[in-house]
Amino acid sequence: MPYRDVHETAWWRADVLYQIYPRSFQDTNGDGIGDLEGIRRRLDHLVSLGVDAVWISPIFASPMADFGYDVSDYRAIDPIFGTMEDFDRLLDEAHRNGLKVILDYVPNHTSDEHPWFIESRASRRNAKRDWYVWRDARADGGPPTNWQSEFGGSAWTFDDATGQFYYHAYLSKQPDLNWRNPEVVAAMLDVLRFWFDRGVDGFRVDAIHHLFEDENLRDDPVNPEWHEGLPPAQRLLRSNSMDQPEVHGAIALMRGVATCYVNERLLIGEAYLPIERLMAYYGIELSGFHLPFNFHLISTPWQPKCIAALVDDYERALPPGGWPNWVLGNHDRPRVVTRLGPRQARIAAMLLLTLRGTPTIYQGEEIGMADVPVPHNRIRDRFAFNAPAFGRDPERTPMQWDASAYAGFSSVEPWLPVAADFREHNMTIQSADPSSMLSLYRSLIAMRRREAALAIGSYTLVQASEHMLAYERRHGERRLLIALNFGERFEELESLSPPAKLLLSTDPERQTDGFAHAPRLNPQEGIVAELAPPEVVVR
Ligand code: NOJ
């Protein structure tokens with residue numbers, strides 16, 4: 001595609017990313033849990049969807065207390081997912097199909113079963129003691145600070161054997177590494193090199209805002225705005241336990257490793273932060289992440305004016321040369337269909353794939369999968385044990401491939417239940433239905449691939465009213481209008497410079513030729529239309 005030449009050195013700008021949660025993608029060895037061979041066998045789905053790169057959540061050796069986000073060996077594949085040979089085969093086949101492969105790097109913490117931590121906790125004099133964050137109790141015997149674990153409760157666990165507390169931003173089975181120790185830094189940068197040398201195209205970097213905590217162990221202040229709708233950890237403002245200035249030096253070192261490879265490898269950072277703080281994660285003169293994940297579409301009220309303001313704030317805050325990105329969901333957040341309903345999810349898909357910036361699709365979004373209610377006895381996520389309302393199992397249920405037993409995901413009962421409606425709601429049925437969510441995703445991605453205006457063009461807001469959000473994407477002479485009717489009534493476009501040609505609608509009922517005569521959107525319809533080149537409008 002011609003426009004790709006321009007961005008040869010930055011493949012990730014024009015690309016569409018797709019997140020695979022490997023436990024729930026495809027099981028091939030009959031243990032009810034997805035595996036690498038399953039991903040390989042399903043590559044055809046990703047190719048026909050049209051995505052350019054997959055990010056695979058952790059596949060490394062792990063006791064699975066947090067389903068792979070508790071790594072016990074960064075250089076080994078967990079047998080649940082397969083072998084190193086399976087990985088190499090997958091990588092090779094993905095590359096041969098034109099797909100990039102991005103893995104998940106978990107630098108903040110290891111498993112408590114990692115040999116480093118086993119050594120570290122063995123004695124206060126162990127050479128690896130300082131590889132983790134160990135502190136004495138307060139005078140009253142309590143934990144060193146009031147810092148809270150993301151999953152609820154104190155972030156400190158007392159170790160009887162050595163009489164000190166260790167810090168963990170997540171589960172007590174996920175002790176935090178001490179990134180102030182140069183040996184830790186060296187060992188963890190080597191992990192990046194290990195996978196880059198194998199041919200991996202990039203990393204999504206986990207929980208980066210937790211990498212450092214205040215060295216002086218100051219307590220976190222109370223959050224006066226906390227309410228029951230927020231997770232327990234947010235009772236505190238966490239100004240001393242996350243997003244500390246030292247993190248940017250560590251990210252620059254990671255970037256330094258990625259930069260030294262031919263076809264610089266992509267680094268995406270996971271940090272749930274307000275926009276102004278997120279921007280620092282691009283680094284000084286873009287020496288940080290290529291893409292600090294932007295999760296704000298997940299939390300912003302789903303109203304045109306709010307979305308327009310979000311895009312505006314975000315675009316204005318970007319550092320010079322900083323490239324935007326957007327997501328609607330992931331394995332930690334309720335699914336977009338459940339948040340917004342199936343009709344609005346189609347609008348959301350159009351928004352995601354027509355905004356300026358790299359989009360990431362979470363597996364199952366492309367077939368409109370909803371959260372699956374998980375009965376009490378099937379809950380697997382430990383976060384749910386501490387804070388049931390925030391359990392993440394419902395958005396992690398098996399991919400719904402077809403109408404056969406267990407939705408074609410596995411030959412046995414899977415680790416999490418399959419959606420009750422999988423016989424009607426699956427990839428195979430949607431593949432043959434031009435009005436399905438899957439067909440919409442395919443069309444949007446194909447259009448993004450064809451249209452430089454969508455992939456790399458400029459963004460200009462056209463209208464943000466009570467029900468309508470409209471914006472223009474432009475590249476050279478090519479101008480595309482995206483108009484999204486969030487409301488339940490017909491909506492006129494306030495200003496439309498005719499002639500405009502409808503290219504795509506989210507509404508399967510829409511007649512393709514109906515638009516030129518009536519610049520009016522159906523209830524809950526989104527459209528992409530081609531606008532006349534600028535000269536024509538001026539005359
Ligand atoms: C963010 C990951 O996305 C989440 O699933 C995990 O529990 C935490 N980081 C801890 O690694």
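The values are calculated or read from the model by the stated rules, or taken from the named source; none is laboratory data. Bear in mind that the values here come from a model prediction, so they are computed numbers and not experimental data. A quick note on method: Cβ atoms are made from the backbone with ideal geometry, for glycine too, and the neighbour counts reach across all protein chains shown. Just the protein is used for accessible areas: all its heavy atoms, side chains included, with ligands, DNA and RNA removed. Shrake-Rupley method; radii C 1.70, N 1.55, O 1.52, S 1.80 Å.
Take the alpha carbon atoms of segment 302-325, find their center, do the same for segment 69-94, and report the distance between the two centers in whole angstrom.
Rounded to whole Å, the Cα centres lie 36 Å apart.
Do you know the relative contact order of segment 169-280, to the nearest whole percent, from alpha carbon pairs under 8 angstrom that are 6+ apart?
34 percent
For SER123 and VAL412 in one chain, what is 0.36 nm times their gap in residues minus the Cα-Cα distance, to one decimal in nm?
So the chain would gain 99.6 nm between SER123 and VAL412.
Just to confirm, what accessible area per residue do you get for the chain at 1.4 Å probe, in whole Å²?
Per residue, the chain has an accessible area of 39 Å².
So what are segment 115-167's ellipsoid semi-axes, whole angstrom, largest first, if each one is the square root of 5 times an eigenvalue of the alpha-carbon gyration tensor?
Square roots of five times the eigenvalues give 20, 13, 8 Å.
Taking the chain, how much of its Cα-Cα pair set, in percent, is spaced more than 29 angstrom apart?
The share of Cα pairs beyond 29 Å in the chain comes to 54 percent.
Of the listed peptides 246-259, 393-406, what is their order by residue-averaged count of other C-beta atoms within 10 Å, with the highest listed first?
393-406, 246-259
What is the chain's relative contact order, in percent, from Cα pairs under 8 angstrom and six or more apart in sequence?
That works out to 12 percent.
Could you order the peptides 464-473, 105-114, 362-371 from most to least packed, using the average number of other C-beta atoms within 10 Å per residue?
Going from most to least packed, we get 105-114, 362-371, 464-473.
Could you state the number of Å between the C-alpha centres of segment 358-414 and segment 108-130?
Using only Cα atoms to place each centre, the spacing works out to 34 Å.
Could you give the dipole magnitude of segment 115-167 about its Cα centre, charging the beta-carbon of Lys and Arg +1 and that of Asp and Glu -1, in debye to the nearest 20?
So the magnitude is around 200 debye.
What part of the accessible area of the chain, given as a whole %, is carbon or sulfur when the probe is 1.4 angstrom?
52 percent
Based on the alpha carbon coordinates of segment 344-452, what radius of gyration and maximum Cα-Cα distance (Dmax) apply, in Å?
For segment 344-452, the Cα radius of gyration and maximum Cα-Cα distance read 15.8, 49 Å.
Rounded to the nearest 0.05, what FRET efficiency do LEU286 and ALA309 have when you use their Cβ-Cβ distance and R0 = 30 Å?
Using R0 = 30 Å, I get an efficiency of 0.75.
Along the charge dipole of the chain, pointing to its positive end and built from +1/-1 on Cβ of Lys, Arg, Asp and Glu, which listed residue (PRO388, ILE208, LEU416) has its Cα farthest out?
ILE208
Can you work out the FRET efficiency for the pair SER299 and GLU466, with r the C-beta to C-beta distance and R0 = 25 Å, to the nearest 0.05?
The computed FRET efficiency comes out at 0.75.
Find the eigenvalues of the gyration tensor of the Cα atoms of segment 11-125, then list the square roots of 5 times those eigenvalues as equivalent ellipsoid semi-axes, largest first, in whole angstrom.
Calculated on Cα positions only, the semi-axes equal 29, 16, 11 Å.
log₁₀ I(q)/I(0) of segment 373-433 at q = 0.16, 0.28, 0.29 Å⁻¹, via Debye over equal Cα point scatterers, no solvent, to two decimals?
Once normalised to I(0) and log-transformed, intensities are -0.54, -1.09, -1.14.
On a straight-distance basis, which lysines could pair with LYS128 in a cross-link, Cα separation under 28 angstrom, same-chain partners fewer than 8 positions away excluded?
LYS173
Would you mind computing, in nm to one decimal, how far apart the modelled labels at PHE194 and ALA403 are, each placed 7 Å from Cα along Cα→Cβ?
4.6 nm
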